[in-house]
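The next block holds one structure in the form of structure tokens; read it before the comments.
Readers should treat all values here as calculations from the given coordinates under stated rules, not as data from a laboratory. As the structure is a prediction and not an experimental result, all values here were calculated from the model. Here Cβ is always computed from backbone atoms with ideal geometry, including for glycine, and neighbour counts include all displayed protein chains.
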Amino acid sequence: MRRSKLALLLTLIFILSFTSSVFAAEAPKPQIYGKAAISMDIETGEIIYENNIEAKQYPASTTKLLTALLLAENKTKTDMLTYTESAKKQPEYSFYNHYPKSIDVGVKLSGEGVMDSLLLFSANDIAYMIADNVSENSDEFAKLMNKKIQELGLKNTHFVTPNGLDDNTDDHYTTPYDLSVIGRHAFKNDWVREAMAKKTSKATTSTGVNFMLENRNKLVGENGCVGGKTGYTKKAGRCLVAFYDRDGRKIMGVVMNSVYGPNDTEVFDDMKKIIDWSYAAKQVVLTPKDKVVETKKISYKPLRFFGPEKTIEVPLTLKEDVKYYDNAVNKKDVSDPKNKIVKIDNLNIWKLDNSKSVGTLTVKEKEAVKTYKLYTTKSKSDIIKANTGLYIGLAAGVIIVLAVAIYLVLQIKRLTRKRKRY
């Protein structure tokens with residue numbers, strides 16, 4: 001009786017675990033307020049969630065992620081930066097407007113204070129202060145921004161201002177995908193990543209004024225959120241870039257053109273939904289292990305250095321599954337033969353060993369590039385087996401030749417002895 005109850009309990013546990021994993025894998029894509037969004041594996045660059053990721057959008061203050069990256073690449077935490085005239089002209093949210101008479105042209109801030117003011121308080125004047133201190137002016141800084149955009153290989157982004165304000169221009173734009181690439185590279189910078197993770201900070205001017213800073217990203221410190229950047233203009237709607245680290249696995253999300261409600265919760269709810277869904281998402285198999293990826297024809301001489309030439313087909317296989325996240329963007333990329341590159345390193349017919357890699361298969365999905373080792377099912381022994389008849393015939397021929405030679409030698413010796421007797 002106890003055994004039957006135990007068996008029933010184990011069966012129920014198995015069924016529940018199986019069905020729960022199936023439901024998790026088949027969970028529908030979350031519906032969000034944002035008109036466009038993306039989530040990406042930070043380590044690999046693989047797209048997990050996608051929603052209008054190539055749609056032109058206005059980034060608002062999420063632009064400051066690129067401004068922060070350029071600051072980190074051109075200045076240090078201890079460098080002193082000077083508050084400028086163009087910074088003073090910027091509208092709210094700015095230090096000059098928010099804290100009247102607390103900062104003015106000529107006042108200095110440390111690089112660390114500037115970075116925290118940019119990313120936590122999202123100070124519009126500090127963005128122009130960075131532009132003027134890194135470059136000659138904001139126009140030259142815009143050139144530097146667009147040069148960086150080109151270096152990242154982004155074709156659907158163009159920035160005009162260092163703070164993302166777009167009232168006077170339609171030429172300051174990006175896409176969720178491009179912004180995710182910018183954000184991913186910013187996150188990889190130690191200084192930018194450390195600054196984004198702070199919930200609060202303090203910036204002190206050269207005149208001794210302290211600015212207490214609070215991170216506008218409400219998600220920082222919750223459920224693995226380790227940083228990000230908020231943004232809003234009437235044209236852009238509510239925007240958010242957020243970075244997560246849960247048990248060592250890092251995922252980032254971008255939500256653009258979301259709603260700005262009375263409690264300002266919508267864009268943060270959007271981010272929670274796509275990040276939770278992304279962590280639960282499972283990859284599907286594109287190419288199973290042991291399947292022949294490609295077959296190479298190789299010409300060789302069974303006798304190695306001489307004799308007739310033969311051709312053999314050498315299948316190339318994998319010892320692990322090729323997987324991807326099943327969405328429209330990835331499916332298009334992995335279906336394109338141009339994104340599957342086979343490279344052969346060593347295919348010497350006489351050194352074939354099915355336990356050693358003979359090359360690689362590289363699969364590309366946008367910025368993500370994954371490489372798998374290729375193996376062959378053939379080995380040197382297979383070549384020998386395929387030519388057994390030839391080798392037997394050759395051996396028989398050698399034996400016959402040797403036998404004839406021995407016979408002739410013996411006959412010559414016999415004739416020689418007979419000649420001597422006479």
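Only one residue of Ile42, Ala72, Phe187 has its Cα farthest out toward the positive end of the dipole of the chain, where Lys and Arg carry +1 and Asp and Glu -1 on Cβ, and that residue is Ile42.
Taking other C-beta atoms within 10 Å as the exposure proxy, Thr360, Thr200 rank Thr200, Thr360 from fewest upward. Among Thr161, Val114, His98, which residue has its Cα furthest toward the positive end of the charge dipole of region 30-281, with +1 on Lys/Arg Cβ and -1 on Asp/Glu Cβ? It is His98. Each of Met80 and Leu286 was given a label point 7 Å from its Cα along the Cα-to-Cβ line. The distance between the two points is 5.4 nm. For the chain, the longest principal axis of the C-alpha atoms and the axis of helix 388-421 are separated by about 30°. Just checking my list [x] 39, 26, 23; [y] 67, 30, 18; [z] 53, 25, 23 against semi-axes √(5λ) of the Cα gyration tensor in Å computed from this structure; which label fits? Among [x] 39, 26, 23; [y] 67, 30, 18; [z] 53, 25, 23, the one calculated here is [y]. Think of the chain as a dipole: +1 on every Lys or Arg Cβ, -1 on every Asp or Glu Cβ, centred on the Cα centre; then among Ile251, Asn133, Tyr232, Ile251 lies furthest on the positive end. Averaging the sequence gap over all C-alpha pairs within less than 8 Å and six or more residues apart, then dividing by the number of residues, gives region 30-281 a relative contact order of 27 percent. 3J(HN,Hα) along region 178-183: 4, 5, 5, 5, 4, x Hz, from the Karplus curve 6.51 cos²θ - 1.76 cosθ + 1.60 with θ = phi - 60°, whole Hz, x for Gly and Pro.
Charge tally around Glu136: other residues with Cβ under 14 Å, Lys/Arg +1 each, Asp/Glu -1 each, net -3. The ranking of Trp350, Trp191 from fewest to most other beta carbons within 10 Å of each one's beta carbon is Trp350, Trp191. Bridgeable lysines around Lys413 (alpha carbons under 16 Å apart, same-chain partners fewer than 8 residues away excluded) are absent. Applying 1/(1 + (r/R0)^6) with R0 = 35 Å to the Cβ-Cβ distance of Asp247 and Val329, what FRET efficiency is obtained, to the nearest 0.05? Between Asp247 and Val329 the formula returns 0.85. Every pair of different Cα atoms in region 30-281 enters the Kirkwood calculation, which places the hydrodynamic radius at 17.8 Å.
I need to check one value: relative contact order of the chain, counting alpha carbon pairs closer than 8 Å and at least 6 residues apart, in percent. It rounds to 16 percent for the chain.
Just add up the charged neighbours of Gly261: K/R +1, D/E -1, any other residue whose Cβ is under 12 Å from the Cβ of Gly261. Once all neighbours under 12 Å are counted, the net charge is -3.
Backbone amide hydrogens, once placed in the peptide plane, bring Leu374 within less than 5 Å of Val358, Gly359, Thr360, Leu361, excluding anything fewer than 5 places away on its chain. The H on the amide N of Ala36, modeled in the peptide plane, is under 5 Å from the matching H of Met256, each at least 5 residues off or on a different chain. Distance between the modelled labels on Lys143 and Asp264, one decimal in nanometres: 3.6 nm (7 Å Cα→Cβ projection).
Look at Val292, Val322 and count the other Cβ atoms within 10 Å of each Cβ; fewest to most, that gives Val292, Val322. Counting only alpha carbon atoms, the long axis of helix 124-134 and the longest principal axis of the chain meet at about 60°.
Residues in region 95-102 carry Karplus couplings, in order, of 4, 5, 8, 7, 10, x, 6, 8 Hz; the curve used is 6.51 cos²θ - 1.76 cosθ + 1.60 with θ = phi - 60°, and Gly or Pro positions show x. Given +1 at the Cβ of Lys and Arg, -1 at the Cβ of Asp and Glu and no other charges, the dipole of the chain around its Cα centre is 4560 debye to the nearest 20. Residues in region 149-158 carry Karplus couplings, in order, of 4, 5, 4, 7, x, 8, 10, 10, 9, 8 Hz; the curve used is 6.51 cos²θ - 1.76 cosθ + 1.60 with θ = phi - 60°, and Gly or Pro positions show x.
For region 77-197, the number of Lys pairs with C-alpha atoms closer than 27 Å, counting only pairs eight or more positions apart or on separate chains, is 26.
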